[in-house]
Number of protein chains: 2
Amino acid sequence: MNLEQAKQDLMALQSKMSAYAHAMSLIYYDGVTAAPRGTAANRGHALSVLSEEEYKLATGEQTVALLELLDAHKDELNEKEQRMVYLLLKSIRQMQKIPMAEYVAYQELLVQADDVWHRAKETSDFELFRPLLEQIFETNIRFAGYCAPEKAPYDYWLSEYEDGLNMETCDQFFATVRSRLVPLLQKVAAVPQVDNACLYGHFPAQAQEKLAWQLMKLIGLDLDHCGLTTTEHPFTTSFGSHFDERITTNYQEDNFSSSMFSVIHEGGHALYDMGSDDDLAYTVLDGGVSMGIHESQSRFYENLLGRSRPFVERVFPLLQDAFPEQLKNYTAEDVYKAINRAEPSLIRTESDQVTYCLHVMVRYELEKQVMAGRLAVKDLPQAWNRLYKEYLGVDVPDDRHGVLQDSHWSGGSIGYFPSYALGSAYGAQLLKKMRETVDVDDCLRRGDFGPINQWNREHIWKYGSLYKPGRLLEMALGEPFDPNVYLDYLEEKCRDVYGI
Amino acid sequence: MNLEQAKQDLMALQSKMSAYAHAMSLIYYDGVTAAPRGTAANRGHALSVLSEEEYKLATGEQTVALLELLDAHKDELNEKEQRMVYLLLKSIRQMQKIPMAEYVAYQELLVQADDVWHRAKETSDFELFRPLLEQIFETNIRFAGYCAPEKAPYDYWLSEYEDGLNMETCDQFFATVRSRLVPLLQKVAAVPQVDNACLYGHFPAQAQEKLAWQLMKLIGLDLDHCGLTTTEHPFTTSFGSHFDERITTNYQEDNFSSSMFSVIHEGGHALYDMGSDDDLAYTVLDGGVSMGIHESQSRFYENLLGRSRPFVERVFPLLQDAFPEQLKNYTAEDVYKAINRAEPSLIRTESDQVTYCLHVMVRYELEKQVMAGRLAVKDLPQAWNRLYKEYLGVDVPDDRHGVLQDSHWSGGSIGYFPSYALGSAYGAQLLKKMRETVDVDDCLRRGDFGPINQWNREHIWKYGSLYKPGRLLEMALGEPFDPNVYLDYLEEKCRDVYGI
């Protein structure tokens, strides 16, 4: 085989893989949107066939031979081709290290764990979920040993979600975060709380949906290629390439801000995915590179922009149009303060910017200890409750509002949480950098996201997965990552909202 | 390979094929429901990969060897296995007869023709569509020659949509239909028209949607496995097996009966598909056998049951609940008469039961002549208009309301139309047979579709595609097909509604 042919085959391989990915994402999406409730097993049938076919395609002899040939001629490949070969080979080599039977057993464990976790959460019964969670932690430790025996298991998994991340980095990051957020929160607790009554009332789903589309348009989403629909839990997905992106939301009729900010958050994910250079479509480089960078974008739009005063002033007329009766006695400033209210709480996904990283830190500390064998799964609930008291000062009434609240562990995602906090901090430093050349507040006041999106496109989006997250970030920032920028931002926000 | 293994491989092959079918149907469905409008090319990418993979699977060397082995041991297979091998081999052998390049070119022609037809219809510009339609007819004639050189081309295509059907049968059928319907229509025209004002007004889509779900439940659809959504043109599809069925409708806010009867019609298709024996799932025998039998079921529920007096009396309270203001001055009898109003018109899909077959007959006559080379495509508009005048007595004002109205020809479906008329007639004879053992009117009055559905399940649905349509029908009827039963029914209906 000559090299030119091999390069073409590389593109054809990825093009095929993207079609399988399209089909499987869509089957999942259908399951949580339009599908009748009794059809899960039927989707499972199609998914098992398609994932097996995709697996054979991605890891078959022919593919391995192709990739090894290309890898041997690495120097003759361009930067993009090199990265494609690297990413494809990486996942194959990883798969080869895990015995097939154990991999299949793990997939089955996760299906069962998802079901049991749902029931355990409903009845607040950790003991029901415990045996499965034990197996999940055990398996993740075992798989880490197969794939990266030279590393601590948790380091392996952290790096899976954010290439290059390890406990040393996380420890430093969270120590810095904790040292400034815990006192900040104490200061906030010492002054009168801001009123958030304007967020509550009756806000019909239909009016919220209309607002959601207006917000999507306002932040610059291309509505010809990005859809919106309703699901129990909001998420963002793409079908086969960044040319077809879908975000979802959920309308709570007693509080309009929940869907509003979830739409802007998911919209940030979608902007990032859709901003990949078009020639990355139908390759493994298409779309965002890591969870951390993804969250840096989603939380950038949701919080750094979405909860800023100029943005709130810009959207307030839209809110008044949508909810004229409900908001008639309120001002933009009332809404601004309400959506920036900081307050310790029990549930991560409903928490504010100031406390958010502390919620994540609880999970990080616990994962780290269990993965190192220093904490038993059976002792997780007590440890969870203790840390919530210590970091956030709240008492956890039951496991449903505690250790059972997130779906990540039942899905096998251990080492995923830190990227939420890191992403928030990345975003703040990116914004600071952006402000050097873009008058962000002026853009927000005018409702013109063009220059903001253009900066993100040029520095982050267009590269897709071409660069590792650490390198991408440093290229964009022109300096090392420093979490203090984010903490400065949060202190400034509290100063503004609470006058402290 | 031993035979037992081959039988298992046969099932595995079909199981895989069903997963590809699931993915491709869903991608199509997404395109006409949730997808953002700029995403067609992205779906095209996935569809072209998946259809190529499916094609390789269905017609590859390994598959052909397997099917030929099984075919050679036909006598050792059970009835279902025999039919599976027959159907799979039939489509392979057909594909083998058409040169690949011509097949691909035809698929591309159809994509283009669909687009051009839409524009031609909008602007009523037949000349725009003519060159493509000429190519479609030419190609269909050529392909028929490859696949069945011993047959007249149109006979080949008729038999593709309704196995065993040919022009001789159609000619006899339509001659009988015409001989009784044209005079019937003249009689109707001679007496005062019934009033259908009760169908018109303002009927909010939301109320219509609620009614649609009630109707689906009433006719006995399993809502755990059958969904409903909105599309421009109503249709029914299944995803991978009869365990996941979807119907679609379209709410016209000025006329509630349009969506109401489209839901019952598509519901009939769905009942048929979903009634396949469960062990047929994930095989080629799953779901309805032919268009004719499918229409016999959909039009059975829509017209024979749905437009009957006992059914209208049963659903009238639901209509009053849905549209209390709009219907306050009307009775069930008013609605019954309105939905059975017979009247020559221009558009097939909006026509009533009495004129419907005449609309179909126009298309049959024209297809027959073009396929035989006795009529040029360029002369279709004039011929269309002449036959509408002759059969229905109406003047066609433009091609949009004439020869350009249906999507079938642009989709390459020539020979498809007769199954609509045949299906209607099959249904009437099936109902007559059903009445021998089921008190259908009593069931309708009580809103209990159980015994009706049970009869259809036992005689039609459960077999899926196990028997050819002709055999299935005769098994169910216990006698040969006779279109006069349907014509008796239509005369009786007009007698009842018009007193003639």
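Where a number appears in this text, it was derived from the coordinates with a stated rule and is not lab data. Here the structure is a predicted model, which is why all the values come from computation and not from measurement. Neighbour counts run over all protein chains shown; Cβ positions are idealised from the backbone, glycine included.
Some values worked out for this structure:
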| read-out | value |
| --- | --- |
| DSSP-loop GluC sites (Glu not before Pro) across segment A:146-229, with at most 16 other Cβ within 10 angstrom | A:E150 |
| Given charges at beta-carbon only (K, R positive; D, E negative), |dipole| of the protein assembly as shown in Debye | 800 |
| Lys/Arg +1, Asp/Glu -1 at C-beta; the protein assembly as shown dipole; positive extreme among B:Y161, B:G447, B:A376 | B:G447 |
| Sequence-separation-based contact order of chain B, relative, with Cα cut under 8 Å and 6+ spacing, percent | 20 |
| Whole-Å semi-axes of the ellipsoid equivalent to chain B (Cα gyration tensor, √5λ, descending) | 36, 28, 24 |
| Estimated 222 nm signal from helices in chain A, with DSSP H stretches of n ≥ 4 weighted -39500 (n - 2.57), rounded to 500 | -20500 deg cm²/dmol |
| DSSP beta bridges in segment A:166-500 [antiparallel fraction, %, rounded to 5] | 50 |
| Mean Cα-pair separation over length for segment B:3-148, i.e. relative contact order, pairs under 8 Å, 6 or more apart, % | 21 |
| For chain A, the longest site-free run once trypsin sites (Lys or Arg not before Pro) in DSSP loop states with at most 10 other Cβ atoms within 10 Å are removed | A:38-327 |
| Nonlocal amide H pairs with A:T230, under 5 Å, H built at 1.01 Å | A:T249 |
| Size of electric dipole in segment A:377-500: Cβ of Lys, Arg +1 and of Asp, Glu -1, about Cα centre, debye, nearest 20 | 360 |
| Folded to 0 to 90 degrees: helix A:167-190 orientation relative to chain A principal axis, Cα | 10 |
| Separation in nanometres of the label points that stand 7 Å from Cα toward Cβ, at A:S124 and B:D224 | 3.1 |
| In degrees, nearest ten, helix A:256-274 long axis to first principal axis of chain A (Cα) | 30 |
| Stretchable slack from B:H408 to B:E52, in nm (0.36 nm times residue separation minus alpha-carbon distance) | 125.8 nm |
| Spherically averaged projected area of segment B:189-230 from its Cα convex hull (nm²) | 5.0 |
| Among beta bridges that DSSP assigns inside the protein assembly as shown, antiparallel share in %, nearest 5 | 50 |
| Angle in degrees between helix A:126-147 and the longest Cα principal axis of chain A, rounded to the nearest 10 | 50 |
| Cα centroid separation - segment B:118-140 against segment A:8-50, whole Å | 35 |
| Loop GluC sites (Glu not before Pro), segment A:417-478 (other Cβ atoms within 10 Å of the site Cβ: 15 or fewer; DSSP) | A:E436 |
| Segment B:394-500: Rg to Rh, with Rh as the Kirkwood radius over Cα pairs | 1.06 |
| Estimated dipole of segment B:167-500 in Debye, rounded to 20 [Cβ of Lys and Arg +1, of Asp and Glu -1, Cα centre] | 700 |
| Estimated inter-spin distance, A:W213 and A:V104, nm [label 7 Å along Cα→Cβ] | 4.8 |
| Label-point gap, in nm, between B:R471 and A:R93 - each point 7 angstrom along Cα→Cβ | 5.9 |
| Local electrostatic count, B:D195, Cβ distance below 14 Å [Lys/Arg +1, Asp/Glu -1] | -1 |
| For segment A:122-177, with +1 on Lys and Arg beta carbons and -1 on Asp and Glu, the positive-most of A:F143, A:C170, A:S124 along the dipole | A:F143 |
| Long pairs among B:K368/B:K468; B:K16/B:K432; A:K378/A:K468; B:K97/B:K121; B:K389/B:K462, criterion Cα-Cα beyond 31 Å | B:K16/B:K432; A:K378/A:K468; B:K97/B:K121; B:K389/B:K462 |
| Under 10 Å, Cβ to Cβ, from B:G292 - net charge with Lys/Arg +1 and Asp/Glu -1 | -3 |
| Packing-based exposure ordering (other Cβ within 10 Å, fewest first) of B:F129, A:F261 | A:F261, B:F129 |
| Calculated P(r) of the protein assembly as shown - Cα pairs past 42 Å, % | 47 |
| ³J(HN,Hα), Karplus 6.51/-1.76/1.60, whole Hz, each residue of segment B:459-475, x for Gly, Pro | 9, 10, 4, 4, 6, x, 9, 5, 10, 4, x, x, 5, 4, 5, 5, 4 |
| For segment B:231-248, 3J(HN,Hα) per residue [Karplus equation, 6.51 cos²θ - 1.76 cosθ + 1.60, θ = phi - 60°, Hz, x = Gly/Pro] | 9, 4, 10, x, 7, 10, 9, 10, 10, x, 6, 6, 7, 9, 10, 10, 10, 10 |
